[in-house]
1. Would you pick out the residues in the range 92-113 that are at pLDDT 95 or above and not in a helix (DSSP H, G or I)?
2. Do you know which residues across the range 39-56 are more than 10 Å from residue 88 (Cβ to Cβ), outside any helix (DSSP H, G or I) and of a type in the set (A, V, I, L, M)?
3. Considering 78, 65, 58, which residue is open to solvent by less than 30 Å² (accessible area, probe 1.4 Å), modelled with pLDDT of 95 or more and touching a strand residue (DSSP E or B) at 6+ places or on another chain (Cβ under 7 Å)?
4. Here is a check on your reading of the model: is residue 64 farther than 15 Å from residue 113 by Cα and among the acidic types (Asp, Glu)?
5. For a quick check of your reading of the model, give me the residue pairs whose first member lies in the range 59-70 and is farther than 9 Å from residue 90 by Cα, whose second is of a type outside the set (Val, Ile, Thr) and at pLDDT below 95, with beta-carbon atoms closer than 7 Å and at least 6 apart or on different chains.
Amino acid sequence: PPARASAAAAEHGLPAVRASRPEPTAAAVPRSVESGPVRLQLASVRSVDAARIEWQRLKRDYPDLLGPLSADAVRADLGDRGVFYRIEVGSFARPGAAERLCRQLRQRHLECSIVR
């Protein structure tokens with residue numbers, strides 16, 4: 001549970017990664033990349049604790065690009081494949097800014113994807 005995960009992270013001196021919104025339903029209307037705001041997905045892990053640890057590693061490895069951003073652990077239930085927590089950062093009003101950051105991260109061998 002998120003409350004227990006937050007307590008475990010605090011014990012290890014890790015800041016919280018917020019567990020966030022549920023997956024959008026299939027009825028959600030997709031937006032084009034031009035309509036903003038968008039976020040970047042940087043990783044997908046199996047638990048909220050793993051999301052916290054991975055976010056701290058990413059911030060440590062890419063401080064110039066990720067330092068000012070905050071992250072959310074977004075729960076994704078993939079049925080038979082299990083539950084994952086997607087690490088999503090930012091809320092970019094201009095999609096071009098998200099695309100530039102993603103391009104910079106890819107140049108440093110960190111995959112990312114734009115989330116609408």
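The values are calculated or read from the model by the stated rules, or taken from the named source; none is laboratory data. Since the structure is predicted, the reported quantities are computational estimates derived from the model, not experimental observations. All Cβ positions, glycine included, derive from the backbone under ideal geometry; neighbour counts span all protein chains shown. Areas reflect the complete protein model, heavy atoms only, side chains present, ligands, DNA and RNA absent. Shrake-Rupley method; radii C 1.70, N 1.55, O 1.52, S 1.80 Å.
1. Within the range 92-113, 108, 109, 110, 111, 112, 113 qualify.
2. Scanning the range 39-56 gives a single hit, 45.
3. Result of the check over 78, 65, 58: 58.
4. Yes; evaluated as a whole, the condition is true for this residue.
5. 59/67
This table checks each residue for (1) crowded, with 18+ Cβ neighbours inside 10 Å; (2) in contact (Cβ under 8 Å) with a residue 24 or more places away in the chain.
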site: 85; (1), (2): yes, yes
site: 88; (1), (2): yes, yes
site: 94; (1), (2): no, yes
site: 103; (1), (2): no, no
site: 112; (1), (2): yes, yes
